[in-house]
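Read the structure below first, then the notes.
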Amino acid sequence: MKARSGATALAAFLLAGAASFAYAASALTPSEFLGFEVGADRKLADYRQIAKYFQGLKAASPRVEIEVLGKTTLGEDMFMAVLSSEENIRNLKRIREIAKRLADPRGLSDAEARRLEKEGKVVLLVTCNIHSTEIGASQMAMEWAHALATASDPETLHRLKEVVLLLLPSLNPDGQIMETEWYRKNLGTKFEGSRMPWLYHHYTGHDDNRDWYMLTQKETKALTRAVYKEWFPQVWLDEHQMGSNGPRIFVPPYADPVDTTIHPLVWREVNVIGTNMALRLEQAGKSGVIYGFSYDAYWPGGTKNTAWYKNISGLLTEVASARLATPIDLPAGELAGGRKGLIEYGPQTNFPNPWPGGRWRLRDIMDYERIASDALLESCAVHREDFLRDMVARSRHAITAFGTTDAYRIPASQRDHPTALKLARLMEEHGVEVKAADNGDIWIPLAQPYGAFVNEMLSEQRYPEVKLVAGKDIVRPYDVTAWTLPLMMGVTVEKAALPGGLHPFNPRAEAKVTVAGGSVAISPGSPENFRVVNAALRGGGTAAIARAPFMAGDRRFAAGTVVLDAAAAKAAGGVAGETGVSWVAVSAPANLEKLKSPRVGLYKPWAASMDEGWTRWLLEQYGFDPKPLDNKTIREGKLSENFDAIVLPNVEKDTIATGKPHREETDMRYFAELPPEYAGGLEKEGAKALKDFVESGGTLIAFASASDYVADEFNVPVRNVLARSKPDDFSCPGSLLRVHVTPDHPVTYGLPAELAVFQDGAIAFATALPGLEMERWVLAAYPEAPRDILLSGWIHGEDRLARRSAAVAMTYGKGKIVLLAFRPQNRAQTHATFPFVFNSLYWSVLR
Ligand SMILES: [Zn+2]
């Protein structure tokens, strides 16, 4: 894409920096550097070009620094630009120290705090393009950085003196590259600007912005470290794009509901900044600016949302999308509201100047974003001392909101100790202070700057039922309503008074594992066991499973206990040490069944499925080796030659069958075509191939809505009693529900009698007595009393779940089927129910 003159220009650009003369005049604009007009129709710079541009800018300007935060999932350098006055750039170490001190003001006197508020700078974080199709901000970032690096007007110089801007042009560089490549490939065809038939983050797709409390992905981890351990920003803006046919830009204030855990000064600052954005946009003649729309102030899963609970003013902008860089035309009649804060498209107090319709292009997106970004910088400069003082006030409030000895204890004695350890390590990674006692208990004091975050993650949620109009429905949540980590992870955590004599928790400490040369037994119960068993088998050792309880010496081992021989224990010793999985030396009993690694196929629809990506990630992390199965491969049949188990992730049944999702919410049946090689679903041949696979001995495992597909296509005595329910009858947007577990089935080995499942759909099973050709087991069921069902979150119509089954297994021909009526691995968070998945995979290779 880059013209030859661009390369020459780059050399001059870099030279100019080295010679350190008149940098302001010599820094190339992005368009000069790239050799095309940035923001023009059908032109996109990819992440590698953007990174080169920023390198050049850094070489040319002493106002710019570059920090590489880490490698992305696919191996790119994810960078952050630091932009400020030349003096601030020289003084970054001190500025960071002050930001850190203000974020944790324990022991700081009022006088000292005042002094630091005077001396310090606002550290402002702006993240762009976490969602790869929302590509405008990745392009805008270059223009904004150039303007800041070269400005000589007093107003911009003042802003740069008051503020240190941390700017990430993309929070998902891999996806930015995928989208630009896909876009360029289809340019000039009827698929120009179309959606990609795969995820724009290798594992998580759009859910890359749902990972901010579990911190599973490399990008999330890298930025989390930079924010909560290194830079301690006071303000964070995350720049997004939304659908095309509503308002042109959302700026804060947010919509209802609001989480009262979060300090109100967060909202006051967010509102001041958002209102200034709206003002500057209106002054610039930009119509269609809305606030109080769709996006709420509740739920800690997104980038800047998690930050609210850590005393940071987190903002969101959402600009209407084009088709990437291809302009679109929207007649007035197609403009619509339909979301909270704007039901009918038209003027309201939060939307006084609706956009009238017309042509909408990448340049418009970038212009709106640029005005909002400059307004943000302005607000931070104007309110520098206020914002630093508010940070101290919020942190002090968090430290004193609970009693000085209020704490959470993670007892050393746990059903699933390795996952408890994982929870403690996760809290530490979040910048939370974690302590340990000599007896192995882990303690998390609440009297600390991130105390509100700790409390939010470790306690139950009750969704606030806010009504905007008397007698009408409550305001529905934007995303899930439960994130209680102890329930999701199956870890016992108790509130208790903080004892003395604690020492810092060392997240990297490894458990001591003895490899004495004999067999060892691992009791079932922890999902982490599977990392160990899979490592043992990969290392060439022998592993065998007890199908019934057994005694060894005077110790009883439960059904599902895995015994490793000496070679297996040696191969898996390192993994056991890291994960904290413990084992005991045994002389192996006779009647064990030998294990082999299950060969796993994972269904991958072309309507890219985030649950497929998360499942793939989870299986890889736990040492399985899933192979992708697309529609064509399944339709070709002969699946049992290559697979023991096939997993259908949570994909809606019409998408599996035909490739076209069924859209409940609108009457619109239109679905934009994908290129022909990605069109269609399993069709009739695919359904038959799956049936042949199971009948000849394979195991089929379906998650949540995919079980509707199995119930339709296979002759099974199971049906979804909520299949035709309406939201008025039943609604569960992502809550933790209690189920009772049937013990001692290979799919439930090691699970407790009762646990929390994550439910975000309308699905519950009724079963029936099958004929003699089939066996069926109800593996988990909801309690009899509706009031016992909800553990955390929000649910409507829970009586519809009472006594219904949540997990069912059956034989089918020579094979097996497992249907799970919940999300067994929602976003790789629900460790408590991972064993349903891993046990099912191993069931496929058992007799
Ligand atoms: Zn987005």
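Quick notes on this one:
- With the Kirkwood sum run over all distinct C-alpha pairs, region 592-692 has a hydrodynamic radius of 14.7 Å.
- Rg and Dmax of region 367-410, both derived from C-alpha coordinates alone, stand at 17.3, 51 Å.
- For region 498-512, Karplus couplings with θ = phi - 60° (6.51, -1.76, 1.60), whole Hz, Gly/Pro x: 5, x, x, x, 8, 10, x, 6, 9, x, 9, 4, 9, 6, 7
- Shape analysis of region 681-732 yields a ratio of the Cα radius of gyration to the Kirkwood radius, Rg/Rh, of 1.06.
- Debye log10 I(q)/I(0) for region 717-797, one point scatterer per Cα, at q = 0.17 Å⁻¹: -0.78
- Computed from the C-beta positions of Glu385 and Phe671 and an R0 of 45 Å, the FRET efficiency is 0.25 to the nearest 0.05.
- The distance separating the Cα centre of region 30-48 from that of region 424-439 comes to 46 Å.
- J(HN,Hα) series, region 824-834, from Karplus relation 6.51 cos²θ - 1.76 cosθ + 1.60, nearest Hz, glycine and proline x: x, 9, 3, 6, 6, 9, 8, 4, 4, 10, 3
- Amide hydrogen neighbours beyond the local backbone of Gln241, cut-off 5 Å, H modeled: Val319
- Helical contribution to [θ] at 222 nm, DSSP H n ≥ 4, -39,500 (n - 2.57), averaged over the chain, rounded to 500: -10000 deg cm²/dmol
- By the count of other C-beta atoms within 10 Å, a proxy for reagent exposure, Ser844, Ser170, Ser582 are ordered fewest to most as Ser582, Ser844, Ser170.
- Averaging 1/r over every pair of different alpha carbons in the chain and inverting the result gives a Kirkwood radius of 28.7 Å.
- In terms of the mean number of neighbouring beta-carbon atoms within 10 Å, the peptides 545-558, 779-792, 732-745, 523-536 order highest first as 523-536, 732-745, 779-792, 545-558.
- P(r) tail, region 781-821: Cα-Cα pairs separated by more than 16 Å, 48% of all pairs.
- Measuring r between the beta carbons of Asp744 and Ala785 and using R0 = 30 Å, the FRET efficiency lands at 0.75.
- Under 18 Å from the Cα of Lys340 - lysines, other chains or at least 8 residues apart: Lys467, Lys472
- Cα-Cα separations in region 470-579 greater than 19 Å, expressed as whole percent: 64 percent
- Within region 65-97, backbone nitrogen closer than 12 Å to the virtual label 7 Å beyond the Cα of Lys221 toward Cβ: 70-73
- FRET efficiency estimate (nearest 0.05) - Cβ-Cβ, Ala679 to Glu37, R0 30 angstrom: 0.30
- Taking the three principal axes of the alpha carbon atoms in region 289-417, the coordinate ranges are 62, 45, 30 Å, sorted in descending order.
- Average projection, convex hull of the Cα set of region 328-381: 4.8 square nanometres.
- Between Glu636 and Ser587, the distance separating the two model label sites (each 7 Å from Cα on the Cα→Cβ line) works out to 5.2 nm.
- Taken along the Cα-to-beta-carbon direction at a fixed 7 Å, the label points for Asn91 and Ala567 span 6.6 nm.
- If the convex hull is drawn through the Cα atoms of region 251-326, its volume per residue in Å³: 101 Å³
- Dipole magnitude for the chain: about 1180 debye, using +1 per Lys or Arg Cβ and -1 per Asp or Glu Cβ, origin at the Cα centre.
- Extent along principal axes [Cα atoms of region 32-137; Å; largest to smallest]: 56, 29, 25
- Above-threshold pairs, the threshold being 18 Å between Cα atoms, out of Lys71/Lys218; Lys100/Lys229; Lys100/Lys310; Lys684/Lys814; Lys118/Lys310; Lys71/Lys435: Lys684/Lys814; Lys118/Lys310; Lys71/Lys435
- One chain, two ends: Asp77 and Thr349. Fully extended at 0.36 nm per residue, the span grows by 93.5 nm beyond their Cα-Cα distance.
- Amide H to amide H, with H built 1.01 Å from N, Leu342 comes under 5 Å of Ser294, counting only residues 5 or more places away or on other chains.
- For the pair region 770-811 and region 538-583, the centres of their Cα atoms are 32 angstrom apart.
- Residue pairs exceeding 30 angstrom between C-alpha atoms, taken from Lys221/Lys691; Lys638/Lys660; Lys52/Lys221; Lys570/Lys691; Lys660/Lys691; Lys52/Lys632: Lys221/Lys691; Lys570/Lys691; Lys52/Lys632.
- Taking amide hydrogens as placed 1.01 Å from N in the peptide plane, the amide H of Leu316 sits under 5 Å from those of Asp238, each at least 5 positions away in sequence or on another chain.
- Linear extension gain, Lys596 paired with Met551, 0.36 nm per residue minus alpha-carbon span: 13.8 nm
Coordinate-derived values only; no laboratory data. All figures in this text were calculated on a predicted structure; none of them were measured in a lab. For neighbour counting, all protein chains shown are included, and Cβ atoms are generated from backbone atoms with ideal geometry for every residue, glycine included.
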